[in-house]
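Quick notes on the structure that follows.
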Amino acid sequence: MVQAGSIGLPYIAVRGLLGSDLLKYRSDLKVESNPFHPEERVVLAQPIRPDVAVFHALKADCWGNAVTPGLRDDLMLARAARRVIVTAEELTDHELTPQDAFQNTFLPAIDVDGVVHTPFGAHPCCCGLLYPVDDVHVKEYLNAARGEESFKAYLDQYVYSVRNEKEYLKKVGVIAQA
Amino acid sequence: MTEIVSEYTPEELMAVVISREVRDFETIGVGAASPIPTAGCILAEQLHAPHATIMILGSKEYYPFLGGSSELHFMAQRGELDLFFLSGIQIDSKGNINLHVLGDYFSPQMRLPGAYGSAMLYYMAHRVILFRTEHTRRTFVEKVDFVTAPGVTPENVYREGGPTLVVTPKAVLAWDRTRKGWTLEAVHPGSTAEEVKENTGFPLEISSSFKITPPLTERELRTLRTAVREKLKGIYPDFTRAKIRPLSPG
């Protein structure tokens with residue numbers, strides 16, 4: 001589990017799950033006796049340590065401090081991951097502190113490896129209150145994802161045929177055609 | 001005398017039915033994608049449960065934590081959550097819920113987002129109310145295709161709580177702890193016990209306390225469509241617009 005990964009544990013015991021079919025299919029979950037109460041069965045979960053975690057932030061500074069939208073468990077995931085990349089709507093050379101993250105989530109530079117400036121980088125999803133989900137595009141994506149051929153066509157149109165993020169944003173109408 | 005109202009959406013009905021199950025002074029959690037329980041809890045707070053501690057994922061006003069959803073999960077894991085709400089694409093006769101797949105696990109007809117914390121919350125919240133916006137045989141099945149979280153566990157499994165009720169647009173099913181099965185607790189105005197049984201894919205006994213759901217009162221519906229609607233808009237704007245009617249003029 002991500003929590004175990006974030007604090008460097010070899011495994012973590014979790015409540016519940018006994019009797020769930022998840023245990024049949026998930027090799028990272030095991031049932032053991034609680035060593036402190038041997039009559040009790042508990043589920044043990046393997047730590048999750050992603051190679052890379054990517055977060056899209058409202059803003060980030062040049063040292064790697066970042067503010068991501070809403071109250072979320074981003075810090076737990078950032079600490080579990082071996083490399084952390086932050087993409088941000090806005091870059092600043094003014095140092096961000098936890099006070100800049102009121103009602104949002106603060107990622108301190110010590111847990112971040114790289115920052116990339118990507119305005120509208122969450123498209124077609126939303127970024128806090130800056131812009132909403134692009135429902136029309138998401139619907140198009142969902143339809144395209146139903147089949148091999150249509151998905152390939154989607155990738156051709158929006159990924160392979162554009163040279164960079166900016167061209168993509170122009171193509172989907174988020175920024176004006178130059 | 002209380003004025004009785006008969007014009008409402010199924011979602012409004014379910015929200016009111018849920019609100020009546022919320023008790024004052026309880027500690028209540030509402031998870032993601034749960035607009036009906038959210039409405040029900042805020043309604044209860046407005047009407048009879050002003051001291052309830054209500055925590056709603058996705059809300060700023062109703063989220064007293066510093067962190068994300070893990071805070072609510074850990075609270076449940078500590079055994080401090082009195083009431084939580086879950087759903088399932090299938091719910092079966094043994095109280096099992098399925099949030100994973102329809103059909104075979106490896107070649108499913110439909111793959112769903114999965115359990116998130118359900119397989120812990122179903123054990124650790126003191127009471128769990130299930131909600132489902134359709135009452136059909138494809139939802140209420142004899143045996144779920146995949147047990148995300150079981151209704152019943154052996155005695156040596158630590159479990160704070162479990163299923164208590166299922167609320168649907170037609171009825172309320174109650175969990176019978178001794179018999180380990182669902183009973184028909186109430187049918188909503190406009191439905192009948194026969195109709196509910198017909199649309200349930202397993203045999204359903206009638207509860208000894210069976211009743212027709214008391215009609216929605218003018219006060220309940222007015223509060224839902226004013227104070228609750230206003231708060232709900234900030235959390236579930238699309239749902240609120242589509243399912244909770246604004247108070248009609250006059």
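Anything in the stretch B:146-195 that is under 30 Å from B:Gly103 (Cβ atoms) and touching a Pro at 6+ places or on another chain (Cβ under 6 Å)? List them, or say none.
Listed by number, the residues that qualify are B:Gly151, B:Pro169, B:Trp175.
In the list A:Ala80, A:Ala145, A:Ala153, which residue meets the criterion of being farther than 30 Å from B:Phe74 by Cβ, within 14 Å of another protein chain (Cβ to nearest Cβ) and small (Gly, Ala, Ser)?
A:Ala145
Given B:Thr153, B:Thr183, B:Thr217, which one is within 14 Å of chain A (Cβ to nearest Cβ), touching a strand residue (DSSP E or B) at 6+ places or on another chain (Cβ under 9 Å) and either surrounded by fewer than 17 Cβ atoms within 10 Å (Cβ to Cβ) or free of Cβ contacts under 8 Å to residues at least 40 places away in the same chain (or both)?
Among B:Thr153, B:Thr183, B:Thr217, only B:Thr153 is within 14 Å of chain A (Cβ to nearest Cβ), touching a strand residue (DSSP E or B) at 6+ places or on another chain (Cβ under 9 Å) and either surrounded by fewer than 17 Cβ atoms within 10 Å (Cβ to Cβ) or free of Cβ contacts under 8 Å to residues at least 40 places away in the same chain (or both).
Considering the stretch A:54-102 alone, what residues qualify as being of a type in the set (Gly, Ala, Ser), closer than 30 Å to A:Gly16 by Cα and surrounded by 21 or more Cβ atoms within 10 Å (Cβ to Cβ)?
Correct list: A:Ala78, A:Ala80, A:Ala81.
Among (1) under 23 Å from B:Ser70 (Cβ atoms); (2) of a type outside the set (Phe, Trp, Tyr); (3) at pLDDT below 95; (4) in a strand (DSSP E or B), where does A:Leu71 come up short?
(4)
Being touching a His at 6+ places or on another chain (Cβ under 8 Å) and free of Cβ contacts under 8 Å to residues at least 60 places away in the same chain is the filter here, so list the residues in the stretch B:11-61 that pass it.
Matches in the stretch B:11-61: B:Asp24, B:Phe25.
Checking the conditions here, which among B:Leu112, B:Leu99 is surrounded by fewer than 17 Cβ atoms within 10 Å (Cβ to Cβ) and within 14 Å of chain A (Cβ to nearest Cβ)?
One residue alone meets the criteria, B:Leu112.
When the residues of the stretch B:68-96 are narrowed to those that are at the interface with chain A (Cβ under 10 Å from one of its Cβ atoms), part of a loop (DSSP other than H, G, I, E, B) and in contact with a Leu (Cβ under 6 Å, 6 or more places away or on another chain), which ends up farthest from B:Pro35 (Cα to Cα)?
My answer is B:Gly68.
So B:Lys211 clears everything in (1) closer than 29 Å to B:Gln90 by Cα; (2) out of contact with any Ser or Thr (no Cβ under 9 Å at 6 or more places or on another chain); (3) assigned to a helix (DSSP H, G or I) except one condition, right? Which one?
B:Lys211 satisfies all of (1) closer than 29 Å to B:Gln90 by Cα; (2) out of contact with any Ser or Thr (no Cβ under 9 Å at 6 or more places or on another chain); (3) assigned to a helix (DSSP H, G or I) except (3).
Does the stretch B:32-51 contain at least one residue that is more than 19 Å from B:Thr226 (Cα to Cα), within 14 Å of chain A (Cβ to nearest Cβ) and part of a loop (DSSP other than H, G, I, E, B)?
Yes, because at least one residue in the stretch B:32-51 is more than 19 Å from B:Thr226 (Cα to Cα), within 14 Å of chain A (Cβ to nearest Cβ) and part of a loop (DSSP other than H, G, I, E, B).
The values are calculated or read from the model by the stated rules, or taken from the named source; none is laboratory data. Since the model is a prediction, treat every value here as computed from it, not as a measurement. Cβ sites come from the backbone with ideal geometry, for glycine too, and all protein chains shown count toward neighbours.
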